[in-house]
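Since the structure comes first, as structure tokens, the remarks are kept for the end.
The values are calculated or read from the model by the stated rules, or taken from the named source; none is laboratory data. Keep in mind it's a predicted model, so treat the numbers as computed, not measured. No Cβ is skipped: glycine too gets one built from the backbone with ideal geometry, and neighbour counts run over all protein chains shown. Please note that ligands, DNA and RNA were not included when accessible areas were found on the heavy atoms of the full protein model with its side chains. Shrake-Rupley method; radii C 1.70, N 1.55, O 1.52, S 1.80 Å.
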Amino acid sequence: MARQFPQLEPAHREFIQRQRLFFTASAASTGHVNLSPKGLDSLRVLDEKTVAWLDLTGSGNETAAHLLADGRLTLMFCAFEGPPMILRLYGRGRTLRRGGPDYTRVLTAHFGGEEPLGARQIILLDLELVQTSCGYAVPLYAFEGERPTLTKWAEAKGPEGLDTYRRQKNVRSLDGLPTGLLDENA
């Protein structure tokens with residue numbers, strides 16, 4: 001039932017654009033595997049071989065650490081509404097540091113130059129393989145709306161509070177790996 005593709009086809013792109021939730025998976029050669037849900041209209045398809053998401057400040061920064069250590073990254077989309085399907089994007093990821101020229105270029109070209117409070121970095125995935133599978137066992141769910149919690153949390157922290165939080169919580173992974181978030185040489 002699974003089919004593999006060397007790049008995103010137009011039908012894959014349309015499927016991605018309809019999804020309100022996706023999952024990211026990353027790991028270094030040792031330590032914990034990270035699996036995270038993402039939403040808030042944060043993902044963009046840049047072309048048939050590249051996707052990016054605007055990563056917001058969170059309780060950890062595992063993906064960035066894993067990308068520095070290993071680079072492997074997988075994204076998964078599931079149809080929770082409509083016809084069943086699972087779409088996985090496999091490839092190599094990299095972090096675009098907030099304020100850097102590549103970050104600014106992608107933010108301007110694909111996010112309308114809008115940087116929400118709490119933006120931490122952009123994660124770019126260079127695709128090596130696209131795979132679809134049936135998704136027959138994925139339950140149907142109705143979308144009620146985005147949670148405002150993360151946005152309100154970032155607003156309450158403010159720019160200085162977010163900077164302090166990132167320095168305390170986002171510079172090392174659970175396994176002690178550096179994330180490169182504040183590395184001036186990255």
Say we join alpha carbon atoms closer than 10 Å with springs in a Gaussian network model of the chain; which of Arg172, Arg92, Arg105 then has the biggest fluctuation? Arg105
Got the relative contact order for region 1-145 handy, in percent, Cα pairs under 8 Å and 6 or more residues apart? 30 percent
Taking only Cα atoms of the chain, radius of gyration then Dmax in Å: 16.5, 50
From phi via Karplus (6.51, -1.76, 1.60), per-residue ³J(HN,Hα) for region 143-155 in Hz, x at Gly/Pro: 6, 9, x, 6, 7, x, 4, 5, 5, 5, 4, 5, 4
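Computing the accessible area with a 1.4 Å probe over protein heavy atoms, can you report the carbon and sulfur percentage for region 56-100? Intermediate results must be reported in sequence, preceding the final value.
Details: 950 of 1800 Å².
The C+S portion of the solvent-accessible surface of region 56-100 is 53 percent.
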Return the lysines within reach of Lys169: Cα separation strictly under 25 angstrom, same-chain partners fewer than 8 residues apart disregarded; answer none if there are no such residues. Lys38, Lys152, Lys157
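Rolling a 1.4 angstrom probe over the protein heavy atoms, how many square angstrom per residue are accessible across region 1-94? Let's see the in-between values first.
On the way: 4640 Å² over 94 residues.
Per residue, region 1-94 has an accessible area of 49 Å².
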Within region 95-135, which residues have the backbone N less than 16 Å from the label spot 7 Å out from Ala156 along Cα→beta-carbon, could you tell me? 118
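So, by mean Cβ neighbours within 10 angstrom, what's the order for 37-45, 144-152 with the highest one leading? Present the calculation step by step, with values, prior to reporting the outcome.
On the way: 37-45: 16.0, 144-152: 10.3.
Averaged packing, sorted descending, gives the order 37-45, 144-152.
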Karplus-derived HN-Hα couplings along region 57-64 (A = 6.51, B = -1.76, C = 1.60, θ = phi - 60°), whole Hz, x at Gly and Pro: 4, x, 5, x, 9, 4, 4, 4
Taking Cα centroids, how far is region 67-122 from region 129-159 in Å? 14 Å
Under the rule of at least 5 residues apart or a separate chain, name every residue whose amide H is placed under 5 Å from the amide H of Leu46. Val51, Ala52
Please list, in chain and number order, the residues 5+ apart from Leu56 or on another chain whose amide H is under 5 Å from its amide H, with Hs placed from the backbone. Arg120
For a test of the definition: using alpha carbon positions, the gyration tensor, and the 1.5 limit on a/c, classify region 73-142 as rounded, prolate or oblate. prolate
